[in-house]
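The values are calculated or read from the model by the stated rules, or taken from the named source; none is laboratory data. If you're wondering where the values come from, they're calculated on a predicted model, not measured in any experiment. As a convention, Cβ positions derive from the backbone with ideal geometry for all residues, glycine included, and neighbour counts pool all protein chains shown.
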2 protein chains.
Amino acid sequence: MSNTDSLWIKTVSIAPPSLQDNTADAERLISALRTTLQTNNSINIDLSLIKKLPAILRQCDFNVRCTLFNDGRQWLVVGIQGAKEMRPVAGLAVDLGTSRVALRLLDLTDGHILAESGFDNPQLAIGPDILTRIHFCESSDGLTKLSHLIIAGLNQAIDDLCQFVTIEPQDIYALAVAGNTAMTHLFLGLNPRWIIREPYIPVVNKPGVLKAAEIGLQLNPAARIFIFPNIGSYFGGDLIAGIFYAGLHRAPETAILVDVGTNAEVVVGNQNWLIACAGAAGPALEGGVTKMGMMAGPGVVDKLFIDPQTREFALHTIEDKTPRGICGSGVIDLAAQLFLSGMLDIRGKLIPAACGKRLTVIDGLKHLIMVPGEQSATGSDLTISQADLDSLIRSKAAMYTILETITMSVGMELSEFASFFVAGTFGSIIDPRSAITIGMLPDLPLENYKALGNSSLGGAALALTSAESLAEIDHIRDRITYLELNVNQDFMNRFSAAKFIPHTNTSLFPSVKTAIR
Amino acid sequence: MSNTDSLWIKTVSIAPPSLQDNTADAERLISALRTTLQTNNSINIDLSLIKKLPAILRQCDFNVRCTLFNDGRQWLVVGIQGAKEMRPVAGLAVDLGTSRVALRLLDLTDGHILAESGFDNPQLAIGPDILTRIHFCESSDGLTKLSHLIIAGLNQAIDDLCQFVTIEPQDIYALAVAGNTAMTHLFLGLNPRWIIREPYIPVVNKPGVLKAAEIGLQLNPAARIFIFPNIGSYFGGDLIAGIFYAGLHRAPETAILVDVGTNAEVVVGNQNWLIACAGAAGPALEGGVTKMGMMAGPGVVDKLFIDPQTREFALHTIEDKTPRGICGSGVIDLAAQLFLSGMLDIRGKLIPAACGKRLTVIDGLKHLIMVPGEQSATGSDLTISQADLDSLIRSKAAMYTILETITMSVGMELSEFASFFVAGTFGSIIDPRSAITIGMLPDLPLENYKALGNSSLGGAALALTSAESLAEIDHIRDRITYLELNVNQDFMNRFSAAKFIPHTNTSLFPSVKTAIR
């Protein structure tokens, strides 16, 4: 075995054939690999590679370097080169987001990251949200068009990424793709029509492993694609990837994982069990909340501090550019700081006396001026309205109630989690202190909060680093108990209690001390 | 389960989805099939079928008829139709002969034969024998050309066969292909170069199961092709198919199987062990032996009787046409009858006194006139030369010595075989009585001889009738011990002894009584 070998790459010296051993080339290689891999599982070689095998073996004196892929049932030989050849062997992880697609190119010899990139999902041209796209599939060729858009986008991004690190798409042998259920369907050319219609049935739960060519991706022809499984319309492969990445399913202690997007998906579990639920946490938690709300980007307010004494505002904008808007984490900071400085009451209402000249009325509705026009990039006041704040309060209350519900369902309390994983871009930029202050997240020690970043991409990349990944991921999927959120009277009562800052029951948030309490 | 169900076809009623059970369409079908098949093995559906699945399921109220294929490791769903649709479901067995390709179309619902056909291997245009074709592969595009010829020939034959029984090539879901090692290589587009060069290494021993599209066959896109494995250059899938067809590997009693072509392949075995060898039995046993020798066809002498008293000849020709040549079985009859009527001595030499005016000398060489010119279709005498007869004697001696050698190697005697299978066209038309008379086959009771016909085609067809076939066939291959024929002094001594009619040791052939002994 060569020292450049790794999990997926095995260099083997094969005993050359003789009259005493006339085993065929393919079986000779398989037998050598079986010894190296120490496996009794079946090992398969694509016909396209078998065709090239005799010449390769004889050119390099029966010393070859093989790229392998374990599909959970068998080992597949997906690449063969002479042992002294040193063509790169790359793998690609893809997070197939509704808005944004992220790619991470890995060197499969040691798992190190070669490059990353991202591009706006070209399906945005058809519709910004997944529902519009699903409806678009009703039109003739709608599905084909959407499917083609994402595949063409990926092929272009792969080309660019390869050029950037000077390898060829042919050098990519393995792909792992995580996306929500609808995006996965569009990626595979499967009609998502029944996903959004009662009883909400996906076409497939476990797409498993496909050949790149089957879906039109221009990689090595033998390259295999692993597609993360889903457990239904609302709980997709991106979330399974997140669990896999956070390692919830391996830990002895029970942990909680929250992924916040349009929905809040929550998973609680440990090495023995996993419970998941998904509920609408409201759009407040994405950029869309306010008129000035937006995706994080240069000039966007992402952190905000208000001096409780002077009520002076201190803003931080991305790349320190002149402010032009606010993103989700900024809104949460803003609400927390307004509350702590006594400008917002426990119901989330602006207190005119405390807001002073920062308060203005537009179309009969109270607004708080965050940045006056003369300091903003737009020239207009950047404001947040009472309606925006009301919406944030409802969202954070929904979020807290969902967290409470799933935790109660397993007989635990929110305060018991030693690990609280927050996934997604949102999770990376949110200040947990502010989220606790407004009562969106439970009052845990800050060190218990762990931002995962893009856990869908992380999980996809992780899947390429172990031979057991695919079985492990299938196992995660099969073990998840999906908790249907029953919005009953008890839920509504707890929701109402959570519609205060931080909560009607302040003993749940001992760390939150307000100036006006 | 419907009463039109069979091994490969399962009708399932699937519980429609509900809010209580949101399992995806694909997994819902797999789960229903798992119950019907009573298997824990994995069940896989091609992406192309998954794409159509939601519409099919909903059109037929979740009652579907599935066509399945067991590849030895897993069940593959290769066709799905509404339970009430009655599209045909066909399978195709192919014997990939060097000279002739034979096809048998089966109805997979009950295994009955729909039609058969055959065509001359279009590779004959490149070279009549396999060696010429293998050398042709050295030229650029040679392999591609040969491979294309056989695939195009098959596609045409499949089209014709389907038209004949008014089904579509799309209705064919399973193929089993048996051929010698070189033909299998050319069929798969694998370079046979190393098959004929020491140490005689095939590219692959177990090609296993491929998709029809992978090799360009125009069947149902999901159709699977099973290719019989080989155990080396000289022992191909056609022979494995023969063993499978004869059932040697299942019988408690030891039996022997002989397949005579350019080589004589011999297998001895029972349910516990199998031993095989292949050796040159000489061209005498195919049509090529004499100048007039030919493949069986109209006007070809296939049976011959000589009155031992009058030495009058009685000929039978195929389709009772005017004689124009003689085929292998005719030559064996001729030699046996010449011997029994005292016209041939025990060395196989023509006895001028006994031959009388049937003897003529051409180019200094004795010839026996079988049919005088005035009675033949060609207008010339149909003769057999002393050289032809010498060649036949060498061939039959080689055959007998090979049979003796392999039988001795397992500590048995030729007289002990209760079943002596003779495969191939040759086996079907040969008169075992004549073959015994000249000492080519051992002196067993005639009822012990069993002509198998085209056992390669028979084995391929049989492979399509059981879910365990593929594993069974692999098992046959793995169990065969290949006996390298060691042409040592002992072999040469026994060969010399067999170069007499029937043998120097006449006690081995008690049933052969000659007029001149």
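Between A:Ile402, A:Ile429, the distinction of being in contact with a strand residue (DSSP E or B) (Cβ under 7 Å, 6 or more places away or on another chain), buried (at least 23 other Cβ atoms within 10 Å of the Cβ), closer than 15 Å to A:Val258 by Cβ and β-branched (Val, Ile, Thr) belongs to A:Ile402 only.
This table checks each residue for (1) part of a strand (DSSP E or B); (2) farther than 17 Å from A:Phe69 by Cβ.
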position	(1), (2)
A:Leu92	yes, no
A:Asp95	yes, yes
A:Leu105	yes, no
A:Gly111	no, no
A:Ala115	yes, yes
A:Gly118	yes, yes
A:Pro128	no, yes
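Checking each residue in segment A:154-164 for being in contact with a strand residue (DSSP E or B) (Cβ under 6 Å, 6 or more places away or on another chain) and within 16 Å of A:Asp95 (Cα to Cα) picks out A:Ala157, A:Leu161. Quick check: is even one residue across segment B:392-399 over 21 Å from B:Cys327 (Cβ atoms), modelled with pLDDT under 95 and hydroxyl-bearing (Ser, Thr, Tyr)? There is no residue in segment B:392-399 that is over 21 Å from B:Cys327 (Cβ atoms), modelled with pLDDT under 95 and hydroxyl-bearing (Ser, Thr, Tyr).
Here A:Leu53 meets each of (1) within 29 Å of A:Leu470 (Cα to Cα); (2) loosely packed, with under 15 Cβ neighbours inside 10 Å with one exception, condition (2). Which residue is nearest to B:Thr67 (Cα to Cα), if the candidates are limited to segment B:182-237 and must be in a strand (DSSP E or B) and within 7 Å of chain A (Cβ to nearest Cβ)? Once the filter is applied, the top-ranked residue is B:Leu210.
With the checklist (1) closer than 19 Å to B:Thr506 by Cα; (2) touching a strand residue (DSSP E or B) at 6+ places or on another chain (Cβ under 7 Å); (3) surrounded by fewer than 24 Cβ atoms within 10 Å (Cβ to Cβ) in hand, flag the one item B:Arg347 doesn't pass. Going through (1) closer than 19 Å to B:Thr506 by Cα; (2) touching a strand residue (DSSP E or B) at 6+ places or on another chain (Cβ under 7 Å); (3) surrounded by fewer than 24 Cβ atoms within 10 Å (Cβ to Cβ) one by one, B:Arg347 breaks only (2).
Confirm whether B:Ile402 is over 17 Å from B:Phe313 (Cα atoms) and in contact (Cβ under 8 Å) with a residue 12 or more places away in the chain. Here the answer is yes, as B:Ile402 does meet what is asked.
Assess whether B:Asp490 counts as being more than 19 Å from B:Thr254 (Cα to Cα) and either in contact with a Pro (Cβ under 9 Å, 6 or more places away or on another chain) or exposed (fewer than 14 other Cβ atoms within 10 Å of the Cβ) (or both). Here the answer is yes, as B:Asp490 does meet what is asked.
When segment B:305-355 is filtered for residues that are assigned to a helix (DSSP H, G or I) and more than 35 Å from the chain's Cα centre (by Cα), the ones remaining, listed by number, are B:Pro352, B:Ala353, B:Ala354, B:Cys355. Residues considered: B:Arg65, B:Arg58. Of these, the only one that is part of a helix (DSSP H, G or I) and more than 30 Å from B:Asn191 (Cβ to Cβ) is B:Arg58. Could you say whether any residue in segment A:437-446 is more than 26 Å from A:Ser329 (Cβ to Cβ) and either without any contact (Cβ under 8 Å) to a residue 24 or more places away in the chain or out of contact with any strand residue (DSSP E or B) (no Cβ under 9 Å at 6 or more places or on another chain) (or both)? No, every residue in segment A:437-446 fails to be more than 26 Å from A:Ser329 (Cβ to Cβ) and either without any contact (Cβ under 8 Å) to a residue 24 or more places away in the chain or out of contact with any strand residue (DSSP E or B) (no Cβ under 9 Å at 6 or more places or on another chain) (or both). If you go through segment B:331-370, how many residues are within 19 Å of B:Lys321 (Cα to Cα) and in contact with a Lys or Arg (Cβ under 9 Å, 6 or more places away or on another chain)? Residues meeting the conditions: 3. The residues of segment A:217-271 that are at pLDDT below 95, within 15 Å of A:Arg479 (Cβ to Cβ) and small (Gly, Ala, Ser) amount to a single one, A:Gly232.
Of the residues making up segment B:465-500, those that are assigned to a loop (DSSP other than H, G, I, E, B) and either touching a strand residue (DSSP E or B) at 6+ places or on another chain (Cβ under 7 Å) or of a type in the set (S, T, N, Q) (or both) are B:Thr465, B:Ser466, B:Ala467, B:Leu483, B:Leu485, B:Asn486, B:Asn488.
Among the residues of segment A:83-115, the ones that are crowded, with 16+ Cβ neighbours inside 10 Å, over 14 Å from A:Ile172 (Cα atoms) and within 21 Å of the chain's Cα centre (by Cα) come to 6 in all. When segment B:1-19 is limited to residues that are within 14 Å of chain A (Cβ to nearest Cβ) and touching a helix residue (DSSP H, G or I) at 6+ places or on another chain (Cβ under 8 Å), the one that is farthest from B:Pro88 (Cα to Cα) turns out to be B:Pro17. Of all residues in segment A:133-145, those that are among the β-branched types (Val, Ile, Thr) have Cβ atoms under 8 Å from Cβ atoms of residues that are surrounded by 11 or more Cβ atoms within 10 Å (Cβ to Cβ) and part of a helix (DSSP H, G or I), 6 or more apart or on another chain, in A:Ile134/A:Ala182; A:Ile134/A:Arg193; A:Ile134/A:Ile195.
Which of the residues spanning segment B:248-268 are without any contact (Cβ under 8 Å) to a residue 60 or more places away in the chain and buried (at least 23 other Cβ atoms within 10 Å of the Cβ)? Hit for segment B:248-268 is B:Glu265, nothing else.
Using the structure shown, decide if B:Phe421 is in contact (Cβ under 8 Å) with a residue 24 or more places away in the chain and either polar (S, T, N, Q) or assigned to a helix (DSSP H, G or I) (or both). For B:Phe421, the condition - in contact (Cβ under 8 Å) with a residue 24 or more places away in the chain and either polar (S, T, N, Q) or assigned to a helix (DSSP H, G or I) (or both) - is not met. Touching a residue at least 12 places away in the same chain (Cβ under 8 Å) and closer than 24 Å to A:Phe187 by Cβ: does that describe A:Pro88? For A:Pro88, the condition - touching a residue at least 12 places away in the same chain (Cβ under 8 Å) and closer than 24 Å to A:Phe187 by Cβ - is not met. Criterion first (in a loop (DSSP other than H, G, I, E, B), buried (at least 20 other Cβ atoms within 10 Å of the Cβ) and either under 25 Å from the mean Cα position of the chain (by Cα) or of a type outside the set (S, T, N, Q) (or both)) does A:Leu441 satisfy it? When the stated conditions are applied, A:Leu441 passes them. Candidates are the residues of segment A:114-152 that are in contact with a strand residue (DSSP E or B) (Cβ under 6 Å, 6 or more places away or on another chain) and not charged (D, E, K, R); the one that is nearest to A:His185 (Cα to Cα) is A:Asn121.
Residues in segment A:20-73 that are under 35 Å from the mean Cα position of the chain (by Cα), charged (D, E, K, R) and within 8 Å of chain B (Cβ to nearest Cβ): 1 in all.
Among all residues of segment A:482-491, there is at least one that is farther than 19 Å from A:Phe235 by Cβ and in contact (Cβ under 8 Å) with a residue 60 or more places away in the chain. Checking each residue of segment B:153-163 against the condition of being β-branched (Val, Ile, Thr) and away from every other protein chain (no Cβ under 14 Å) gives at least one match.
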